[in-house]
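The values are calculated or read from the model by the stated rules, or taken from the named source; none is laboratory data. Please read these numbers as outputs of a predicted model, since none were measured by experiment. Reconstructed Cβ throughout: ideal geometry from the backbone, glycine too, with neighbour counts over all protein chains shown. Surface accessibility is based on the protein's heavy atoms, side chains included, excluding ligands, DNA and RNA. Shrake-Rupley method; radii C 1.70, N 1.55, O 1.52, S 1.80 Å.
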Amino acid sequence: MEWYKIIFLPIALLIISTGIITNNLLTTGEVLRRGVELTGGITVTIPLKQRVNITEISSRLPGAVVREIAGNQRAIIIQSSSLNETQILSVAKRFAEFNESEIEIGRIEPVLGRVFWEQSKIALLCTSVLIVCVIFFLFRSPLPCAAILLALASNFVDTLAALSLMNVELSIPVIGALLMMFGYSIDTNILLTTSVMKKRGNLEVNVKNARKTGLTVSVTSVISLITIYFLSQNYTIQVMSLVLCTGLLADIVNTWVQNACILRWFSERKGGSK
C-alpha cells in the first residue's frame, strides 16, 4: 500500500499550478497573456547586420515582445498591441544597424484578433467535448473515466502554469500545440486504462507493461522535441516544441503516477468486492 503515497506528487503539482493560474487571473484577468495574434497589434521584422542586445530593446519597449532569430539572415521580431511602427523603429535604431527598405511590417486588427481568439476557444471546447464522449464510450465506468479526465485537466493546468512561469504568450501556435498535447495525453491514459480494466492477468504486470510502453514513447518524444527546440531557428516550431515538451513531462506525472494510483486502487477494490 506504500505506493499510494506517491499520488501526493501530482496533487501538490496541481495545487501549485492552480495557484499560479489563479494569481494570473486576479492580477491580469487572463490565464496566460495573449499575443498579438489574439489581441491585434503590429509585428515588425528587422533584418540585422550584427547581433543586438535584446534585453536593452525590450526594456525600452514596454509591453512589447522582442525575440531574435538566426540563420542565413539574422533578424529581430518585435510584436506589440499598444505601440506603433514609428515608436518601435525609433528604439530599434538606437541599438541596431539595418536597412529600412528590408523591414517587414504586419498588422492584425483588434477585431480580427478577437475572431481568432473566439475560434480558438471553440476549438478547445469542441476537443474537450469529443474527448469526453470517446472516453465514456470506451470504458463506460464512472471512476476510470473521471480519472482520465482528471489527468487530462491536470496536464492542461500544469502546462499553462509552466508556460506562464516561462513568459510564453498564448498564440495560435501555442493553442495548436495544446491541442496536440491532448492527443498525446489521451493516448497514454487510454493505454493505461485499457491495460488495467480490460486485460486479464496480474494487475502489477499489466500496469508495468503499459508503463514501459507509454514511458518509452513519452521519453523519446521529449528527447526529439528538445532537439528540435535547440536546433530549429523558426520561432513557431520552437514554441510548439516547448509547449509539447512541457505537456509531455506533465503527462508522465499525471498518467503514470496519478491515474495509475487511482486505477490500481479501483481495480483492487473492485476485485475485493467480488
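Numerical summary
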read-out	value
Kyte-Doolittle mean at least 1.0 and Cα axial length at least 24 Å: DSSP H helices in the chain	8-28, 110-139, 142-165, 172-197, 235-253
Inter-centroid distance (Cα atoms) of the range 119-170 relative to the range 34-86, Å	32
The chain, accessible surface, carbon-and-sulfur percent (1.4 angstrom probe)	62
Spatially near lysine pairs across the chain, Cα under 20 Å, sequence gap of 8 or more or different chains	11
GluC sites (Glu not before Pro) within the range 16-70, DSSP loop, no more than 15 other Cβ atoms inside 10 Å	Glu30
The chain - Kirkwood radius from inverse mean 1/r over Cα pairs (Å)	20.9
Solvent-accessible area per residue for the chain (1.4 angstrom probe, square angstrom)	54
Segments 163-173, 181-191, 82-92, 252-262 sorted - mean Cβ within 10 Å per residue, highest first	252-262, 181-191, 163-173, 82-92
Rg to Rh quotient for the range 28-166, alpha carbon positions, Kirkwood Rh	1.15
